[in-house]
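Reading through the C-alpha cells given below for one structure.
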Amino acid sequence: MPVVEATPDQIAKAGQLIRDGALVAFPTETVYGLGADATNGEAVARIFAAKGRPSFNPLIVHVPDLAGAERLAHLTPHGRKLAAAFWPGPLTLVMQRRTDAPIADLATAGLPTLAVRVPSHPVAQALLAASGRPVAAPSANRSGHVSPTLAQHVKEDLGNRVDLILDAGAAALGLESTVIDVSGETAVLLRPGGIPAEAIEAVLGTTLSAPVNNPEAPTAPGMLASHYAPTARLRLNATAALDNEALLAFGPAAPSRRMVINLSPAGDLTEAAAHLFAALRAFDAAGYDAVAVMPVPGEGLGRAINDRLRRAAAPRA
Ligand code: TXA
Ligand code: MG
C-alpha cells in the first residue's frame, strides 16, 4: 500500500481516511502505529484483522492533549502528576474510563479501564487534529513480531492490509511507550518503555508496584512471554558469537567478526534503544537463524531494552 511522505496534504487525506473508518499507519516518537477511529467498532476490528492479533488485547487510544484524555477517562492525583510531567511523550496511562466515553468496546477489550497516550511527534499530533477523533493505535506490525521503527517495516509486515502509510523517517526513540496503571491507589508498571521507571518514580516520590503476573490472563499483553520476536533465535548474555551466529553487540568491547550489529559502540542506552528493532529485523533479512546478544546494562532505558530482548529470546508459542 502507498507509503507517502507525511506532507500536510497527505496528513489531511489520512485524517479523512480515519473518519471514514480506514486504517492509517503513522509515525510516533516511539514506534510506528496502526491507527483507526477509536469510536468506530468496525474500524477497530480492522486493526485486529490486519495484525492477526488476538482480540482480547486492549489498545492504546491516542489523544492530542490532557483535555482530550479527561473527556475519556478519570485522572487520579498520581495520574495527573505523571501526565503533567511526561505528556506529550512516550507515556501511556491506564485509567478508569468514563461511562459516557464514546470509545468502541473492542478498543478496550470490554475492560472498565482505558489506556491513553498523548504523543509528541508532530505528524501524530497533526493526524489527531486532522481526524478530530481519538485514534486507537497498536504498533504497526504483525502480532508478535518486532515493532516498526521505519515506514518500510510497516510495509513489509502489513502490506496492503493498511490503507495509507505516512512516512516521516525513523522513530526517534525506537521503543514503545511505558505503560503505567494509575486507575487504583498505587501506580503499577505494566510495561517498561521509553520513559525510564526511575524518572517516573522521581516524579511520584514513591516506587512503582509490579503487576500481579498471571500468564493465563495478562494485564498487559505486551507481557506475554514470547513477544517482539524476530525469526532468528536469540541467545542472551553472550560475550562472543558461535560459528553459526550473528552478534548483537553493545559497547566498545564488541568483537568484529561475522555479521555484527552494535546497538551503540559508545555504550549509550538511548542510541541502543533507537537501533534495537531495526537490528533484529536486519538479522532476519540477512538470513541468520541464530543471534548471540551481548549484555546490556539494566538501568534507565536498559530496563525496557532487556525486557524486549528477553521476550524476543523466549521459547516461541
Ligand atoms: O509506543 C506505543 O505505545 C505504541 C505507539 C503506536 O503509540 N503503541 C503500542 O501499542 O505499543 P500496543 O497495542 O502494541 O501496546 C499496548 C499496551 C499493551 O501492553 C496492552 O496490553 C496495554 O497497552 N493496555 C492497553 N489497554 C490496557 C488496559 N485497559 N489495561 C491494561 N493494559 C492495557
Ligand atoms: Mg506492539
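Observations, loosely collected:
- Rounded if a/c under 1.5, otherwise prolate or oblate - the stretch 27-115, Cα gyration tensor axes: oblate
- Cβ crowding within 10 Å, taken as a proxy for footprinting-reagent exposure, orders Arg303, Arg142 from fewest neighbours to most as Arg142, Arg303.
- Annotation: amide H-H contacts under 5 Å for Thr207 (H modelled 1.01 Å from N, sequence separation of 5 or more, or interchain): none.
- Adding -39500 (n - 2.57) for every DSSP H run of four residues or longer, then dividing by how many residues the chain holds, sets the calculated 222 nm ellipticity at -9000 deg cm²/dmol.
- Placing +1 on the Cβ of every Lys and Arg and -1 on the Cβ of every Asp and Glu, with no other charges, gives the stretch 1-133 a dipole of roughly 300 debye about its Cα centre.
- Think of the chain as having a plus end and a minus end, set by charges on the Cβ of Lys, Arg, Asp and Glu; of Ala238, Ala12, Ile261, Ala238 sits farthest toward the positive end of this dipole.
- 5 angstrom amide H check on Gly35, placed H, neighbours 5+ away: Val24, Ala25, Phe26
- Over the stretch 249-304, volume per residue of the alpha carbon convex hull, in Å³: 76
- Taking a straight line from the alpha carbon of Lys155, these lysines sit under 16 Å away, with near neighbours fewer than eight places off in the same chain left out: Lys51.
- For Lys13, the aspartates and glutamates whose Cα comes closer than 18 Å to its Cα, not counting residues fewer than 8 places off in the same chain, are Glu5, Asp37, Asp163, Asp167.
- Once you reduce the stretch 121-172 and the stretch 1-25 to the center of their Cα atoms, the two points are 10 Å from each other.
- Based on C-alpha pairs under 8 angstrom that are at least 6 apart in sequence, the chain has a relative contact order of 20 percent.
- Summing Cβ point charges (Lys, Arg +1; Asp, Glu -1) relative to the Cα centre of the chain gives a dipole of roughly 400 debye.
- Loop-located chymotrypsin sites (Phe, Trp or Tyr not before Pro) across the stretch 1-63 with a Cβ neighbour count of 15 or fewer within 10 Å are Phe56, with loop assigned by DSSP.
- Derived scalar couplings ³J(HN,Hα) [the stretch 72-83; Karplus, 6.51 cos²θ - 1.76 cosθ + 1.60; whole Hz; x for Gly, Pro]: 9, 8, 8, 8, 7, x, 6, x, 5, 4, 5, 4
- A prolate overall shape is assigned to the stretch 91-164, the ratio a/c of its alpha-carbon gyration tensor axes (a ≥ b ≥ c) being 1.5 or greater and a/b exceeding b/c.
- Figure legend: label point modelled 7 angstrom from the Cα of Arg316 along Cα→Cβ; residues of the stretch 137-172 with amide N under 17 Å from it are 142-147, 157.
- In order through the stretch 297-312: 3J(HN,Hα) via Karplus (6.51 cos²θ - 1.76 cosθ + 1.60), integer Hz, x for Gly, Pro: x, x, 8, x, 5, x, 5, 5, 4, 5, 4, 5, 5, 4, 5, 5
Values in this text are rule-based calculations from the coordinates and carry no lab data. Model, not experiment: these values are computed from the prediction. Reconstructed Cβ throughout: ideal geometry from the backbone, glycine too, with neighbour counts over all protein chains shown.
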